[in-house]
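Shown below is the structure under consideration.
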Amino acid sequence: MTLQTAFESGAPDGDTGYRPFRAGGFAFRRDRYFAYINHGDVHHQMPVDAFLRALMRDVAWGFFYGTVNFDDVLGTTNFYGEVEMFLGAKNEAYTRAGRDVTERFAAADLMKSFKAILHDWTNEGFDPFAAPLETAAAFGAKRGSNGKAIERVRVSARRMVGLPGDTEVRTDAIGYPVNRMFEDVPQDQPVVEVEPGFESEVAAFNLFGYLSRSDVTWNPSVCSVLRDSLFCPTSEEYILPIDHGNDRVEWFVQLSDEIVWDVKDGATGRPRARVTMRAGDVAAMPADIRHRGYSTKRSMLLVWENGSPAIPDLIRSGKAPVTPVKF
Amino acid sequence: MTFKTRFGSMADYQKGGVEVFNDDPRSYVFSNVFDVASKSKPWERVCVAKNFEYVIEAMRASGESPYWSARHDEFVVCMDGEVEVELQKLSEPARIIESRDGAHRLDALPPSKKMGRIVLGRGHMALLPKQSAYRFRAAAPSALMFQTIEGPETVFRWTEICQTEGAAP
């Protein structure tokens, strides 16, 4: 597929103040309530808060693993260096009707365009990473911006949180207060007695306390690394803003409270399962599904990823199964 | 408004589950760390998640463990109870750990130097550094979860621990 190289932004709308954008054949504009995404005669719209929350994850995760479905129609698929954007390509009704469109971009180019949309369309007070009860509304005419909220860098430990020179343990002092829904989570730290010379290897931290201080939702951060094995815990409240379409097996370990996952077929969107996870539950997400989670009480989830770049090709070529084990 | 955070324990956990519409529940390899640990022998390393060579193991900790060592880092999370971790730096990497990945049980502690001691409570996570030897002590039954690689100590019992029929939670 030819790489699209045309990107534009227009003058601010005289009424709402928001700029329109183009990326290849896709046109983006927003008004007080909705984002509109058009490609030729294929038209789509979605609530602008849902659009911005999804766009925020796509940007923050560098297009993530596999497909980021903003909803049942719009999404991106990561080819690691290149990315496809589509309308309807993962929707059975659209594909049957021949109404789906897909274009491919250099990932860095589309990322610039997405960041520009996010900057222009995110108003002062609206934090796309925050739970709805913790942020102002995304709606209305343009009023200011919120660069601080949308420019957060994804936390990624090199070996483990808390090791000297690695990602810091979260504290009040560095701007991470305990979240209102986790005030009952113990904040004690483990006892660590280190013999001289082993300061860089003898380490431990309170993972649950660390998660209770997360200032974002549905945004896994890497806390420990064993080659390609990445422990990516996250705190979750309300709804995962995307349907994540897996291109590899992903695992969840529920650390606290409860999340319900709607699981659909990755290619068609047909419902396949509903997975309820409570503290201690472990479940795999197969490589051919898409999933969206719901968490009414802020909860702690451990997302476990295998970051090997070889996996998508192994699965696409049939050399690796879409489920992690057979029994 | 006061919110209550629900963690689990071996004495008090409530499993969810998989309801299938058009799928095999075994695709989700659904189990529960507390369920597995509560039904395991002390110090068994039971695999609850596998992604190619990488695994997550659940363990029931009770009493004093043998020593283990691996040629790569491992990480442990205390999910329930309190567990002491003793870390020793091996003077020479044990020969058996060079042959394959994963944790290897050591028959006895080889020549080594004390690195440190950690006491983990619920929710605490520790590094088990590569080419060290480590063992645990738990005065009361506790549950541990490891981020590691499949090795000679990894126990697989998927049909016993996982949901195999479609059911409402």
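The values are calculated or read from the model by the stated rules, or taken from the named source; none is laboratory data. Treat the numbers as computed from the prediction; the structure is a model and nothing was measured. So basically every Cβ, Gly included, is an ideal-geometry build from the backbone, and we count neighbours across all protein chains shown.
Looking only at strands (runs of 3 or more DSSP E) that lie completely in the range A:253-303, which have at least 3 residues being basic (Lys, Arg)?
A:271-278
Can you tell me which residue in the range A:214-240 is nearest to the other protein chains (Cβ to nearest Cβ), limited to those that are among the hydrophobic types (A, V, I, L, M, F, W, C) and more than 16 Å from the chain's Cα centre (by Cα)?
A:Leu226
With of a type in the set (Val, Ile, Thr), outside any helix (DSSP H, G or I), facing another protein chain (nearest Cβ under 10 Å) and under 14 Å from the mean Cα position of the chain (by Cα) as the only criterion, which of B:Val48, B:Val36 stands out?
Unique residue meeting the criteria: B:Val48.
Related question: Identify all residues within the range A:126-158 that are assigned to a loop (DSSP other than H, G, I, E, B) and farther than 19 Å from A:Ala60 by Cα; write none if there are none.
A:Ala136, A:Ala137, A:Phe139, A:Gly140, A:Ala141, A:Lys142, A:Arg143, A:Gly144
Among the strands (runs of 3 or more DSSP E) contained in the range B:51-169, which hold 3 or more residues that are surrounded by fewer than 18 Cβ atoms within 10 Å (Cβ to Cβ) and touching a Gly at 6+ places or on another chain (Cβ under 8 Å)?
Filter on the range B:51-169 gives B:132-149.
Give the range A:285-317 a look and list any residue that's closer than 30 Å to A:Glu183 by Cα, out of contact with any Leu (no Cβ under 8 Å at 6 or more places or on another chain) and at the interface with chain B (Cβ under 7 Å from one of its Cβ atoms), or say none.
Within the range A:285-317, just A:Lys297 meets the criteria.
Looking only at the range A:80-130, how many residues end up being surrounded by 15 or more Cβ atoms within 10 Å (Cβ to Cβ), touching a residue at least 60 places away in the same chain (Cβ under 8 Å), touching a Ser or Thr at 6+ places or on another chain (Cβ under 9 Å) and among the aliphatic types (A, V, I, L, M)?
Selection size over the range A:80-130: 6.
Determine whether A:Arg274 is of a type outside the set (Asp, Glu), touching a Gly at 6+ places or on another chain (Cβ under 7 Å), modelled with pLDDT of 95 or more and not assigned by TED's automatic domain parsing to the domain that holds A:Arg96.
In short, no.
Quick test of your reading of the structure: A:Phe208 fulfils all but one of (1) more than 13 Å from chain B (Cβ to nearest Cβ); (2) out of contact with any Phe, Trp or Tyr (no Cβ under 7 Å at 6 or more places or on another chain). Name the failing condition by number.
(1)
Let me ask another. Considering only the range A:183-192, I want to know if a residue exists there that is within 7 Å of another protein chain (Cβ to nearest Cβ), closer than 28 Å to B:Glu150 by Cα and buried (at least 21 other Cβ atoms within 10 Å of the Cβ).
yes
Test of understanding: among A:Phe86, A:Phe21, which residue is under 23 Å from the mean Cα position of the chain (by Cα) and farther than 27 Å from A:Val263 by Cα?
A:Phe21
Quick test of your reading of the structure: B:Met115 fulfils all but one of (1) closer than 30 Å to A:Lys297 by Cα; (2) touching a residue at least 24 places away in the same chain (Cβ under 8 Å); (3) of a type in the set (A, V, I, L, M); (4) facing another protein chain (nearest Cβ under 8 Å). Name the failing condition by number.
(1)
Which of the residues that make up the range A:202-252 are among the charged types (D, E, K, R) and not in a loop (DSSP other than H, G, I, E, B)?
Result: A:Glu236, A:Glu237, A:Asp243, A:Glu250.
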